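Peer 1: After the structure tokens below, expect a handful of questions from me.
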Amino acid sequence: MGTQVKDVIIKPDAPSALLLDKHADYIAAYGSKKDDYEYTLSEYLRMSGIYWGLTVMDLMSQLPRMNRQEIIDFIKACQHDCGGISASIGHDPHLLYTLSAVQILCLYDSVDAIDVDRVVEYVKGLQQEDGSFAGDKWGEIDTRFSFCAVATLALLGKMDMINVDKAVEFVLSCMNFDGGFGCRPGSESHAGQIYCCTGFLSLTGQLHQVNADLLGWWLCERQLPSGGLNGRPEKLPDVCYSWWVLASLKIIGRIHWIDKAKLQTFILACQDEETGGFADRPGDMVDPFHTLFGVAGLSLLGDEQIKPVNPVLCMPEDVLQRIGLQPDLLS
Amino acid sequence: MAESEEEVDVLVQRVVKDIANAFKRNPNIDEIGVIPCPEARYNRSPIVLVENKLGVESWCVKFLLPYVHNKLLLYRQRKHWLDREALVDITCTLLLLNPDFTTAWNVRKELLQCGVLHPEKDLYLGQLALTKFPKSPETWIHRRWVLQQILDQFLAVGHNKNQEQQGEAEQANAERSQQLSDHLARTLHQEMRVCSDAACRYPSNYNAWSHRIWVLQHMAKGNGKVFHDELSSMRLWVSMHVSDHSGFHYRQFLLQELITEHYQTPASATINGSSQHWSSTVPSSSPHQHSCTQTNGELSGAEAASEDDGQLSFTTVLQLFQQEIELCSDLIQSFPGHETLWSHRRHVFYLWNQWKREQQHQCSSRGDNKSIHLNDSDPGMSEVSPQSYAGREESVNGQRHASEPMEVDRVSLPNPHDSKRLKRGVLLPGTLTLTSEHSFVNSILDSCCNPEQRRFAVAYKKWLDTVIGLQS
């Protein structure tokens, strides 16, 4: 019986050079030409959308093309009395968008535009007895939110405001036999969750708790014959998983375990030569999310046309240097 | 087609009403979808109800969504007033079109808290949204919140029950408590169905499977029968979805829970043979009438739960592992080249190895002169006690367990109960060892030319040598 390998085939005429100018034009125009319907559909994650767009512009040294004041005013308007920040005006606050907002303000060196103390109180208030973090006041628990909490506090220099030991204990309780992590204790390992958990352990100085060889093994097995990486066994390769797997490998010091040249070929093939931007897979529709992770992945692979990116926070290294934050990496 | 703002207003309000009326007309709607239809047809509602399927014609979505979206956000900013009924209808339409709109679910949470909505209504709405968007993270998150409300209510009644009460109050509370526990058992069952449905609609659906795990952890804690029944019913499902890594992970979770939560270790059996493990948050609907139906030849909950307060015996755990590895071998041979199956094998063998080491550790730490010795040495070299032959050729539940020779050597049993079972001739399956795993891999490599299969087999061998080899 034949099996169908879940992978893509990269066509000979797929893009193989980095089209930076096209990508910058694509992001700069994004949002202005969107019709009501598309814009409405994704408004629930607008703050993260802005973070993706601005970060990739900064990595391409094109941040000045974006409307700084408008964005800062927007973020201010999204901060709620509780201190938390929402995806957009009129939406409810959540840790996901609180982190995105703080990341954007760091890019603009304007953290003081919001009430920082309240943000810190908000994050602190979401920590549970077992050390985990709820995403918002309704109480959903996920290791993603543990990452959001410590990343927000690390960027604000306020990590000491939470019970770090307990937070670490919870994240470690989500570690699996394969060295990976899931969203909660007992959940399946998933490359996105692994990125959050290794990032979390980096920011809290606990990377020695990771079984780097075992986890590195699992992460390397995500690479498919096309060169692209998937997020779990027998899933299709995807540019965003390429970032999460690659960044995790970088954090645990095992990035040299995968075939970098093949991954680069895969990522480049996901560009759209006409519109600019990256898609999840070659030939699909582009979006700002995959555009950021495509460009950031190429940066981690050493492309010198792009600014160096930090694997833990997915932000330009020069921004983190400015605020004096250098998350740990294993060697 | 409606063009002016006023026309859109009128149109959309009518459509929102049509959707609400469709649910009133047919409370059994079980699926939603968008009907491709680029233009409006004269004087006909874009809401179509055929049997239990609710469809919305695609042309109206681009008017409908922005309208309900903006209405809700204006309400949230206190710029526009909506009464409760309108809020229920608007959030319903909105979430069926865009179920990841977190704030709309939050509005419904508030309506639920003040008693305007019933928890079941929201579980139903989520279920429908999942028929079109089976991954939708926010829908799953909302479900967990609603289920937690139901659980809290149950626990609150349980708490009242513990306080001293007399006469009628006590009686009423007992009835209420029984009703709630039946309700909870039904909710659990229904939730498993929703998860299965979403898992069938989208392969390796992380959100559906991690939700299913959450549900068991919160609503069936300690209820071994539920875990056993899940393991049995999943057997067929995974056999038909051999690429679904999440489905197999769920099996691994069940197996791990069964052996860690429900296996009564020899130590706890002698020291405190309590039946606490068996007390459950959700009593199964018929706690003392275990189903005797055999599912797919697997050890049923009844078989496993019939012993000592539902604790698994040593032999039962051995059987669970044996059956799992046999299932895995079968599938690997029948469906070559699936990474998921090889990954499952790693996990099962890892669990087995860990469990075995724990048993050995417990025996040695108790200074037990009857040690468990599950030897990894070459089968040819091992001494096989007469006991280990007991039942070699017997079948349990219609399944033969002696398909391949496996060594059991000098297994002295810590639990007198197990010895009794052996004397009765109950099967003691062979044990898994590194050697038996290596021969399995070699047999695959010798006979298979599928390059993927060979790649996974070699990787498994390497994993055995390094990860397991270093532990043993």
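The values are calculated or read from the model by the stated rules, or taken from the named source; none is laboratory data. Quantities reported herein were computed from a predicted structural model and do not represent experimental measurements. With ideal geometry, Cβ positions are generated from the backbone for all residues, glycine too; neighbour counts draw on all protein chains shown.
Peer 1: Residues A:Ile50, A:Ile27: which one is closer than 28 Å to A:Leu99 by Cβ, without any contact (Cβ under 8 Å) to a residue 60 or more places away in the chain, away from chain B (no Cβ under 14 Å) and β-branched (Val, Ile, Thr)?
Peer 2: Exactly one of A:Ile50, A:Ile27 is closer than 28 Å to A:Leu99 by Cβ, without any contact (Cβ under 8 Å) to a residue 60 or more places away in the chain, away from chain B (no Cβ under 14 Å) and β-branched (Val, Ile, Thr), namely A:Ile50.
Peer 1: If I filter the range A:187-210 for residues that are surrounded by fewer than 24 Cβ atoms within 10 Å (Cβ to Cβ) and under 30 Å from A:Ala269 (Cα atoms), do I get at least one hit?
Peer 2: yes
Peer 1: Looking at this structure, is B:Lys109 among the basic types (Lys, Arg), surrounded by fewer than 13 Cβ atoms within 10 Å (Cβ to Cβ) and free of Cβ contacts under 8 Å to residues at least 60 places away in the same chain?
Peer 2: It is false that B:Lys109 is among the basic types (Lys, Arg), surrounded by fewer than 13 Cβ atoms within 10 Å (Cβ to Cβ) and free of Cβ contacts under 8 Å to residues at least 60 places away in the same chain.
Peer 1: Yes or no: A:Asp178 at the interface with chain B (Cβ under 10 Å from one of its Cβ atoms) and either outside any loop (DSSP other than H, G, I, E, B) or under 15 Å from the mean Cα position of the chain (by Cα) (or both)?
Peer 2: The answer is no for A:Asp178.
Peer 1: When you go through (1) at pLDDT 95 or above; (2) within 14 Å of chain A (Cβ to nearest Cβ); (3) more than 11 Å from the chain's Cα centre (by Cα) one by one for B:Cys200, which number turns out not to apply?
Peer 2: Among (1) at pLDDT 95 or above; (2) within 14 Å of chain A (Cβ to nearest Cβ); (3) more than 11 Å from the chain's Cα centre (by Cα), the lone unmet condition for B:Cys200 is (2).
Peer 1: Find the residue count for the range A:132-160, including only residues that are of a type in the set (Asp, Glu), more than 11 Å from chain B (Cβ to nearest Cβ) and either touching a Ser or Thr at 6+ places or on another chain (Cβ under 7 Å) or farther than 21 Å from A:Val111 by Cβ (or both).
Peer 2: Within the range A:132-160, the subset of a type in the set (Asp, Glu) is A:136, A:140, A:142, A:160.
Filter again for more than 11 Å from chain B (Cβ to nearest Cβ), leaving A:160.
So of that shortlist, the ones also either touching a Ser or Thr at 6+ places or on another chain (Cβ under 7 Å) or farther than 21 Å from A:Val111 by Cβ (or both) come out as none.
Of the residues in the range A:132-160, 0 are of a type in the set (Asp, Glu), more than 11 Å from chain B (Cβ to nearest Cβ) and either touching a Ser or Thr at 6+ places or on another chain (Cβ under 7 Å) or farther than 21 Å from A:Val111 by Cβ (or both).
Peer 1: Test A:Arg118 against the stated conditions and say whether it is within 12 Å of chain B (Cβ to nearest Cβ), assigned to a helix (DSSP H, G or I) and either in contact with a helix residue (DSSP H, G or I) (Cβ under 7 Å, 6 or more places away or on another chain) or surrounded by fewer than 22 Cβ atoms within 10 Å (Cβ to Cβ) (or both).
Peer 2: So A:Arg118 does not fit the description; no.
Peer 1: When the residues of the range B:326-338 are filtered to those that are in contact with a helix residue (DSSP H, G or I) (Cβ under 6 Å, 6 or more places away or on another chain) and surrounded by 21 or more Cβ atoms within 10 Å (Cβ to Cβ), which remaining residue is farthest from the other protein chains (Cβ to nearest Cβ)?
Peer 2: Restricting to residues being in contact with a helix residue (DSSP H, G or I) (Cβ under 6 Å, 6 or more places away or on another chain) and surrounded by 21 or more Cβ atoms within 10 Å (Cβ to Cβ), the top hit is B:Cys328.
Peer 1: Being polar (S, T, N, Q) and outside any helix (DSSP H, G or I) narrows it down to one residue among A:Gln321, A:Gln264, A:Gln326; which is it?
Peer 2: Going through A:Gln321, A:Gln264, A:Gln326 in turn, just one is polar (S, T, N, Q) and outside any helix (DSSP H, G or I): A:Gln326.
Peer 1: Take the range B:46-58 and flag every residue that is buried (at least 19 other Cβ atoms within 10 Å of the Cβ) and in contact (Cβ under 8 Å) with a residue 24 or more places away in the chain.
Peer 2: Matches in the range B:46-58: B:Pro46, B:Ile47, B:Leu54, B:Val56.
Peer 1: Looking at this structure, is A:Ser61 within 21 Å of A:Pro288 (Cα to Cα), assigned to a loop (DSSP other than H, G, I, E, B) and more than 12 Å from chain B (Cβ to nearest Cβ)?
Peer 2: So A:Ser61 fits the description; yes.
Peer 1: What are the residues in the range A:37-51 that are out of contact with any His (no Cβ under 9 Å at 6 or more places or on another chain) and modelled with pLDDT under 95, if any?
Peer 2: A:Tyr37, A:Glu38, A:Tyr39, A:Ser42
Peer 1: Another question, then. What number goes with the only condition from (1) closer than 30 Å to A:Pro308 by Cβ; (2) assigned to a loop (DSSP other than H, G, I, E, B) that A:Trp52 does not pass?
Peer 2: Only one criterion in (1) closer than 30 Å to A:Pro308 by Cβ; (2) assigned to a loop (DSSP other than H, G, I, E, B) is unmet by A:Trp52, namely (2).
Peer 1: Which numbered condition in (1) among the hydrophobic types (A, V, I, L, M, F, W, C); (2) assigned to a helix (DSSP H, G or I); (3) crowded, with 18+ Cβ neighbours inside 10 Å is the only one that A:Leu313 fails?
Peer 2: The number of the failed condition is (2).
Peer 1: Name the single residue that is nearest to the chain's Cα centre (by Cα) among those in the range B:49-102 being of a type in the set (Phe, Trp, Tyr) and within 13 Å of chain A (Cβ to nearest Cβ).
Peer 2: So, considering only residues that are of a type in the set (Phe, Trp, Tyr) and within 13 Å of chain A (Cβ to nearest Cβ), the one nearest to the chain's Cα centre (by Cα) is B:Phe101.
Peer 1: Are any of the residues in the range B:168-175 away from chain A (no Cβ under 13 Å) and surrounded by 16 or more Cβ atoms within 10 Å (Cβ to Cβ)?
Peer 2: Yes: one or more hits.
Peer 1: Return yes or no: is A:Lys11 part of a loop (DSSP other than H, G, I, E, B), touching a residue at least 40 places away in the same chain (Cβ under 8 Å), over 30 Å from B:Thr102 (Cα atoms) and within 14 Å of chain B (Cβ to nearest Cβ)? Let's see the steps before the verdict.
Peer 2: Working: part of a loop (DSSP other than H, G, I, E, B): yes; touching a residue at least 40 places away in the same chain (Cβ under 8 Å): yes; over 30 Å from B:Thr102 (Cα atoms): yes; within 14 Å of chain B (Cβ to nearest Cβ): no.
The answer is no for A:Lys11.
Peer 1: Please go through the range B:212-260 and give me each residue that is within 26 Å of B:Arg357 (Cα to Cα), more than 10 Å from chain A (Cβ to nearest Cβ) and of a type in the set (Ser, Thr, Tyr), ordered by number.
Peer 2: Within the range B:212-260, B:Thr260 is the sole residue that qualifies.
Peer 1: Hey, does the range A:72-86 have a residue that's in a loop (DSSP other than H, G, I, E, B), over 30 Å from A:Glu221 (Cα atoms) and under 18 Å from the mean Cα position of the chain (by Cα)? Full working, then the answer.
Peer 2: Quick first cut of the range A:72-86, residues in a loop (DSSP other than H, G, I, E, B) only: A:80-84.
Still in the list and also over 30 Å from A:Glu221 (Cα atoms): A:80-84.
Now restrict to residues that are under 18 Å from the mean Cα position of the chain (by Cα): none.
No, there is no match, as no residue in the range A:72-86 is in a loop (DSSP other than H, G, I, E, B), over 30 Å from A:Glu221 (Cα atoms) and under 18 Å from the mean Cα position of the chain (by Cα).
Peer 1: Another question, if that's okay. So which pairs qualify, if the first residue must be in the range A:79-101 and in contact (Cβ under 8 Å) with a residue 24 or more places away in the chain, the second must be buried (at least 24 other Cβ atoms within 10 Å of the Cβ) and among the basic types (Lys, Arg), the Cβ gap must be under 7 Å, and the two must be at least 6 apart or on different chains?
Peer 2: Pairs found: none.
Peer 1: Oh, and also: Considering only the range B:203-232, how many residues are hydroxyl-bearing (Ser, Thr, Tyr) and either at positive phi or at pLDDT below 95 (or both)?
Peer 2: Selection size over the range B:203-232: 1.
Peer 1: Restricting the search to the range A:132-146, which residues are in a helix (DSSP H, G or I) and either over 22 Å from B:Gln217 (Cβ atoms) or of a type in the set (S, T, N, Q) (or both)?
Peer 2: Of everything in the range A:132-146, those that are in a helix (DSSP H, G or I) and either over 22 Å from B:Gln217 (Cβ atoms) or of a type in the set (S, T, N, Q) (or both) turn out to be A:Thr143, A:Ser146.
Peer 1: Only residues that are away from chain B (no Cβ under 12 Å) and either modelled with pLDDT under 95 or in a helix (DSSP H, G or I) (or both): list them for the range A:201-215, please. It would help to see each step written out before you state the result.
Peer 2: From the range A:201-215, those away from chain B (no Cβ under 12 Å) are A:201-210, A:212; that's our starting set.
Those that are away from chain B (no Cβ under 12 Å) and either modelled with pLDDT under 95 or in a helix (DSSP H, G or I) (or both): A:Leu201, A:Ser202, A:Leu203, A:Leu207, A:His208, A:Gln209, A:Ala212.
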